[in-house]
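Participant: Take a look at this one; I'll ask things after.
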Amino acid sequence: MQREQTPLQRIVADFAESRLALSGLAVLTLILLVALFAPLISPQNPYDLAQLDVLDSRLPPGSRSGDGLTFWLGSDDQGRDILSGIFYGLRISLGVGVASTLCAVIIGLTMGLCAAYFGGRTDGVIMRFVDIQLSFPAILIALILLALLGQGIGKTIFALIMVQWAYYARTVRSTALVERRKEYIEAAVCLALPPSRIVFRHLLPNCLPPLIVIATVQVAAAIALEATLSYLGIGVPITEPSLGLLIKNGFDYMLSGKYWISFFPGIALLVTIVSINLVADQLRDVLNPRLQK
Amino acid sequence: MTESTLRVENLRTHFFTRQGVVKAVEDVSFSVGAGRILGLVGESGSGKSMTGYSIMGLVDPPGRVVAGRILLGGKDLRTLAPDEMRKVRGNRIAMIFQDPMMTLNPVLRVDTQMIEAIQAHADVSRAAALERARDALARVGIPSPQERLSAYPHQFSGGMRQRVAIAIALLNKPDLIIADEPTTALDVTIQGQILFEMQKLARESGTALIWITHDLSVIAGLADEICVMYAGRIVEHGSVDQVLDAPLHPYTHGLIDSVPSRGRRGEPLRQIPGMTPSLLDLAPGCAFRDRCARADGACAEDPALSSPVAGRQVRCFHPLTQSAVA
Amino acid sequence: MAPPYMGILHSAFWTLIFSMPVFIVRRLMQSVLVLCFMSLLVFVGVYAIGNPVDILINPQADQADIERAIAALGLDKPLWQQYLIFLKQALAGDLGKSFAYNIPAIQLILERMPATLELALAATGMAVFLGIPLGLWAGLKPDSWPGKLIMTGSILGFSLPTFWVGLMLIMLFAVELGWLPSNGRGPTTELLGIPVSFLSWEGVRHLILPATNLALFKLSLIIRLTRAGTREALLQDYVKFARAKGLSSTRVVGVHVLKNIMIPIVTVIGLEFGSVIAFAIVTESIFAWPGMGKLIIDSINVLDRPVIVAYLLIIVSLFILINLAVDIVYSLLDPRVRISEAKG
């Protein structure tokens, strides 16, 4: 190596080695900006019923509405602009995915660290829960919860948190256990350093790289799961449609050849998920200590 | 000199990796006659195993035999079509590998693994093949071979498994057996038994044997001739007694010296300084010169194999004389 | 003196004998625990969070009916007693009548089960019979373009949501090309008293798209497993030894490699069968396949709560059964698991 790099510089440099990952990151950044500034850039506010006209419903892409607005991607059965619907839908989809993943990471991290640090009974109880939960597929757990709780954004987020936390808990526990057995932690325990210092200064930083990788993949999985649940009609409510719900709304019209109502939100969903996965793939290689040169 | 079973001439096997060309085997020549045992000695990475794979035609990409002739009974194996080469493998040349825990397929019964080796080369019935398999097991000293045939490899001990592998190698009465460190993973007593039996089998059946090892003490009691390999090349060649009693190459001398012996008890163990060089884009010149006390400016050139003593060869500008060894 | 390995063989043998029943009993106990836990969760969901009167009694019922039902369900009793009553009725197979169909919920679900199982089996079959050859190919020739194509395809298969792929299949093969039906199960034929689709050509045509859709994720999984297993196996000495014996490459790959990678693949196929049934919910909804999955979504949409409760309990039991069966089969296949379980 020519000169000393900070770890962060190395990670950035390694990440930039893959063109595919960089383009994934670029697309993802664009998507995030669109979601963030949706109200500013959307041709229409799809939540404002006053702006909608039933006469404009189900127009093909490129058509013009009664008030001269161009529907670049067509309009849906309410006369809503699909493009604006996608922009606002991205907000919901990304918001639900990111919020649920963040909460689940915090819960899983806490549980995993507790299990690894205290061991014994605490470990046994936490890991038994994790094992039970991981023996069921995510979609089934989310379905059970939403079937019992009913629709809603908050409830969907809750279901996605419940689905995800176990992955993080298991990952954190196994990484922390490996670290805990190392001699420097034993030395720290012998020096009677406070537990909080051992946990936060030694265990936590070592758990972060795998956690970041899994969390990135999980954001994509959470978005896909939310879309699936909303498509099934048990996720977010119709008043604030996510991409999945937009797709559901157009499904019946697709069979009669009006493909655009479902198709374009579907493409948006696809691009989002694939770009996150590309970034996650490269992050995994970059943060994996075994692959470091 | 009698007709050799196998004659290798100027063999070169290179690996074309992304980082560059690795010359795993470079200009290797030797021959071995019927009933004779040739020891191929070297450290790991010296190219001795790759020489064996090259003869078998089992070099995997990115590796490739790029030059040389491999003459089995006068016929160059490199000119054979893949299917003809397949018929040679396991039939006229057999190979035994280092780790008996790994060479037998763990999920197939021993009889399956023996019968398929027979039926790959001869159109015989299952019953006849089974009988030959049983005889082969008996010949390598496996008790109650009939019952052991239907066992799985994990039901055998390491030594017994290596005997099974040897039995498989013997099944088709090959002209040549290449044994790649077959006793390294075994206990010393079992190693002794296997060495004894291999030697006996080679002598009785007239099979030529190439014994690849890093262990000079194994070679000392077993082989007739010895080739010492270093960094892909043969650096010394001669009869076992000549080479072990009076090595010509400084590397051979170092190897012999680093074996702990009773005569030098109490003295610090001698070792060869430094490490084996990386074969990746190896610079020209003697590959041993960085570790050699006798090296000088001349060693920057490639030394050729020379024959300072009749019947022996050495690849060195400054071979040891008899007085230097003592 | 006996050879040293005899001792090892001996102890391994006894560990095996003793660990078998312990292992199965332990698994059974775990399963019962999980079932209790899940039933408690469903109970809490129905009784504690929602109002059970709303959930379990038909909204069209009159006041007298409601009071009779409250007494029958024991809703005037303390919660823990209600749970016991709930458990007792569930064990007796009585989870109420469907509001929508007015027949016992359990009966309704059991009627729909064959359709789901047929779809799940067809999808699993597709995943196995396509996935193993494709995975082998990708493992044997990882740098060839078909090898790379197969891997790219499997990465896509992993990241695309099932329902999205289903929509694309409908759009392409049903709407644009008009080759295959996208709706329903088609005519069924009775086989041992169970209605099945795959015996008539029309039924098979109806089965193709949903089964493909459901198979895609598992197909990707099996391709990856097979490829990784193949590449791993090819590096092993036993493959080199098999080649050194002069075996044809067909036999080396078809017997030596394949037999070694089959153990993990069979296990994963078994373990994933439950998740195929779970994902059938999505596929059935898209293709209007009349199985349990479509039933649960329809029931959630019309708030047919007895069916929801019954479905949840049945699917959880089904899952526990599958997991239990796979654990036992796996322990039979691989002695190392039994030994470590007995110690652990």
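Participant: When the residues of the range C:168-195 are narrowed to those that are among the β-branched types (Val, Ile, Thr) and either within 20 Å of C:Met113 (Cα to Cα) or in a strand (DSSP E or B) (or both), which ends up farthest from the other protein chains (Cβ to nearest Cβ)?
Facilitator: My answer is C:Thr189.
Participant: Go through (1) at the interface with another protein chain (Cβ under 9 Å from one of its Cβ atoms); (2) surrounded by fewer than 23 Cβ atoms within 10 Å (Cβ to Cβ); (3) of a type outside the set (Gly, Ala, Ser); (4) under 30 Å from B:Ile118 (Cβ atoms) one by one and return the number of the condition C:Lys245 breaks.
Facilitator: Among (1) at the interface with another protein chain (Cβ under 9 Å from one of its Cβ atoms); (2) surrounded by fewer than 23 Cβ atoms within 10 Å (Cβ to Cβ); (3) of a type outside the set (Gly, Ala, Ser); (4) under 30 Å from B:Ile118 (Cβ atoms), C:Lys245 violates only (2).
Participant: Then there is this: For the range B:53-98, how many residues are small (Gly, Ala, Ser) and in a loop (DSSP other than H, G, I, E, B)?
Facilitator: Residues flagged as small (Gly, Ala, Ser) and in a loop (DSSP other than H, G, I, E, B) within the range B:53-98 amount to 5.
Participant: Pick from B:Gly33, B:Gly47, B:Gly73, B:Gly42: which is touching a residue at least 12 places away in the same chain (Cβ under 8 Å), more than 14 Å from every other protein chain (Cβ to nearest Cβ) and touching a Gly at 6+ places or on another chain (Cβ under 6 Å)?
Facilitator: B:Gly47
Participant: Filter the range B:99-111 for residues that are within 8 Å of chain C (Cβ to nearest Cβ) and crowded, with 16+ Cβ neighbours inside 10 Å and give the result.
Facilitator: B:Asp99, B:Met102, B:Thr103, B:Leu104, B:Asn105, B:Val107, B:Leu108
Participant: I need the full set of residues from the range A:159-188 which are in contact with a Pro (Cβ under 6 Å, 6 or more places away or on another chain) and among the basic types (Lys, Arg), in order please. Show your work before the answer.
Facilitator: Looking only at the range A:159-188, we keep the residues that are in contact with a Pro (Cβ under 6 Å, 6 or more places away or on another chain), and these are A:171, A:175.
Within the range A:159-188, none qualify.
Participant: For the range C:297-327: of the residues being aliphatic (A, V, I, L, M) and over 16 Å from the mean Cα position of the chain (by Cα), which is modelled with the lowest pLDDT? Even if it seems obvious, please write down each step before you answer.
Facilitator: The first filter runs over the range C:297-327 and keeps only residues aliphatic (A, V, I, L, M), leaving C:297, C:300, C:302-303, C:307-310, C:312-316, C:318, C:320-322, C:324-326.
Checking the rest, the ones that are also over 16 Å from the mean Cα position of the chain (by Cα) come to C:297, C:300, C:302-303, C:307-310.
On the way: C:Ile297: 87, C:Ile300: 80, C:Val302: 76, C:Leu303: 72, C:Val307: 84, C:Ile308: 81, C:Val309: 80, C:Ala310: 84.
Among those that are aliphatic (A, V, I, L, M) and over 16 Å from the mean Cα position of the chain (by Cα), it is C:Leu303.
Participant: Quick one: which of B:Ile142, B:Ile166 is within 14 Å of another protein chain (Cβ to nearest Cβ) and in a helix (DSSP H, G or I)?
Facilitator: Every option except B:Ile166 fails the conditions.
Participant: I would also like to ask the following. I need the full set of residues from the range C:248-268 which are more than 7 Å from chain B (Cβ to nearest Cβ) and touching a residue at least 24 places away in the same chain (Cβ under 8 Å), in order please.
Facilitator: Passing the criteria: C:Val253, C:Val257, C:Leu258, C:Ile261, C:Ile263, C:Pro264, C:Ile265, C:Val266, C:Thr267, C:Val268.
Participant: Now for a different question. Residues that are farther than 25 Å from A:Ala280 by Cβ and at pLDDT 75 or above, at least 2 per element: which helices (runs of 4 or more DSSP H) completely within the range A:1-103 meet that?
Facilitator: Working: elements: A:7-15, A:19-36, A:38-41.
In the range A:1-103, A:38-41 are the helices (runs of 4 or more DSSP H) which contain 2 or more residues that are farther than 25 Å from A:Ala280 by Cβ and at pLDDT 75 or above.
Participant: Is one or more of the residues making up the range C:209-229 more than 18 Å from C:Glu111 (Cα to Cα) and within 14 Å of chain B (Cβ to nearest Cβ)?
Facilitator: Checked the range C:209-229: at least one residue is more than 18 Å from C:Glu111 (Cα to Cα) and within 14 Å of chain B (Cβ to nearest Cβ).
Participant: For the range A:215-225, indicate whether the set of residues that are surrounded by fewer than 22 Cβ atoms within 10 Å (Cβ to Cβ), touching a residue at least 60 places away in the same chain (Cβ under 8 Å), at the interface with chain C (Cβ under 10 Å from one of its Cβ atoms) and in contact with a helix residue (DSSP H, G or I) (Cβ under 7 Å, 6 or more places away or on another chain) is non-empty.
Facilitator: Looking through the range A:215-225, at least one residue is surrounded by fewer than 22 Cβ atoms within 10 Å (Cβ to Cβ), touching a residue at least 60 places away in the same chain (Cβ under 8 Å), at the interface with chain C (Cβ under 10 Å from one of its Cβ atoms) and in contact with a helix residue (DSSP H, G or I) (Cβ under 7 Å, 6 or more places away or on another chain).
Participant: Just give me the residues in the range C:75-130 being over 23 Å from the mean Cα position of the chain (by Cα), among the acidic types (Asp, Glu) and under 26 Å from C:Lys294 (Cβ atoms), in sequence order.
Facilitator: Correct list: C:Asp94 only.
Participant: Could we say that B:Asp281 is modelled with pLDDT under 85 and surrounded by 12 or more Cβ atoms within 10 Å (Cβ to Cβ) here?
Facilitator: In short, no.
Participant: Regarding A:Ile267, is this residue in a helix (DSSP H, G or I) and modelled with pLDDT of 85 or more?
Facilitator: In short, yes.
Participant: Right, something else. Check B:Gly141 against each of (1) in contact with a Lys or Arg (Cβ under 9 Å, 6 or more places away or on another chain); (2) buried (at least 17 other Cβ atoms within 10 Å of the Cβ); (3) of a type in the set (Gly, Ala, Ser) and name the one condition it does not meet.
Facilitator: Among (1) in contact with a Lys or Arg (Cβ under 9 Å, 6 or more places away or on another chain); (2) buried (at least 17 other Cβ atoms within 10 Å of the Cβ); (3) of a type in the set (Gly, Ala, Ser), the lone unmet condition for B:Gly141 is (2).
Participant: Are there helices (runs of 4 or more DSSP H) fully within the range A:114-203 with at least 2 residues that are within 24 Å of the chain's Cα centre (by Cα)? List them. If you could, list the steps in order and put the result at the bottom.
Facilitator: Details: elements: A:120-134, A:138-149, A:153-180, A:183-190.
Hits in the range A:114-203: A:120-134, A:138-149, A:153-180.
Participant: Are there any pairs, at least 6 apart or on different chains, whose C-beta atoms fall under 6 Å, with the first in the range A:228-257 and in contact (Cβ under 8 Å) with a residue 24 or more places away in the chain and farther than 12 Å from C:Val282 by Cβ and the second polar (S, T, N, Q) and surrounded by fewer than 21 Cβ atoms within 10 Å (Cβ to Cβ), and if so, which?
Facilitator: Filtered contacts from the range A:228-257: A:Pro237/A:Gln151.
The values are calculated or read from the model by the stated rules, or taken from the named source; none is laboratory data. It should be emphasised that the depicted structure is a prediction, and the values quoted were computed from it without experimental measurement. Cβ: placed from backbone, ideal geometry, glycine included. Neighbour counts: every protein chain shown.
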